[in-house]
């Protein structure tokens, strides 16, 4: 089960907790603006628009651990809004690997991917789907946000 007390700091300085999203289907994604997979922002936002009113939220965590997100939190927020029209929550830049990884990532990296592997995040735009019952699913970078396997899991678990 994922720890609801985990603090989430939005890139605008607003503090939330994971429990603020309790009962929702969550798609946690480590973002980067200078990556070959950056166009996934478009499909992530499309999911947010399609399912937000049914209890779904994308949670975006910019990370420079793969050296492809060098901007400040303010620059990242503007980039997301202006370039991709992002409306989903984007949090402060975070480490997704290593000793100082964000507490949410400490909590979710035990999720296994489609071949049964867990552990460190391997690249930008790795996706973790957290269901309302706490079950976690992992989709690696190359899995597009609109992949039928991912979308069917979202749709099957929407609370409303």
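The values are calculated or read from the model by the stated rules, or taken from the named source; none is laboratory data. As the structure is a computational prediction, the values presented were derived from the model and not from experiment. FYI the Cβ positions are ideal-geometry reconstructions off the backbone, even for glycines, and counts take in every protein chain you see.
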### Message
What's the total number of residues in the range 19-51 that are surrounded by fewer than 19 Cβ atoms within 10 Å (Cβ to Cβ) and under 22 Å from residue 154 (Cα atoms)?
### Response
12
### Task
Mind listing whichever residues of the range 19-37 are touching a strand residue (DSSP E or B) at 6+ places or on another chain (Cβ under 8 Å), in contact (Cβ under 8 Å) with a residue 60 or more places away in the chain, within 19 Å of residue 126 (Cα to Cα) and not in a strand (DSSP E or B)?
32
### Query
Where in the range 68-159 are there helices (runs of 4 or more DSSP H), lying fully within it, with 3 or more residues that are buried (at least 19 other Cβ atoms within 10 Å of the Cβ)?
73-84, 103-108
### Summary
By residue number, the members of the range 47-56 that are in a helix (DSSP H, G or I), touching a residue at least 60 places away in the same chain (Cβ under 8 Å) and within 14 Å of the chain's Cα centre (by Cα) are 47
### Query
residue 71 is checked against (1) in contact with a helix residue (DSSP H, G or I) (Cβ under 8 Å, 6 or more places away or on another chain); (2) modelled with pLDDT under 95; (3) within 16 Å of residue 39 (Cα to Cα) and fails just one. What number does that condition carry?
(3)
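Across the range 3-18, what is the total count of residues that are without any contact (Cβ under 8 Å) to a residue 60 or more places away in the chain and surrounded by 12 or more Cβ atoms within 10 Å (Cβ to Cβ)? Spell out how you get there, then give the answer.
Within the range 3-18, the first condition is being without any contact (Cβ under 8 Å) to a residue 60 or more places away in the chain, and the residues that meet it are 4-5, 13-15, 17.
Going one step further and asking which of them are surrounded by 12 or more Cβ atoms within 10 Å (Cβ to Cβ), we end up with 4, 17.
Here the count works out to 2.
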## Note on the structure
Of the residues in the range 86-110, those that are over 11 Å from the mean Cα position of the chain (by Cα) and without any contact (Cβ under 8 Å) to a residue 60 or more places away in the chain number 12
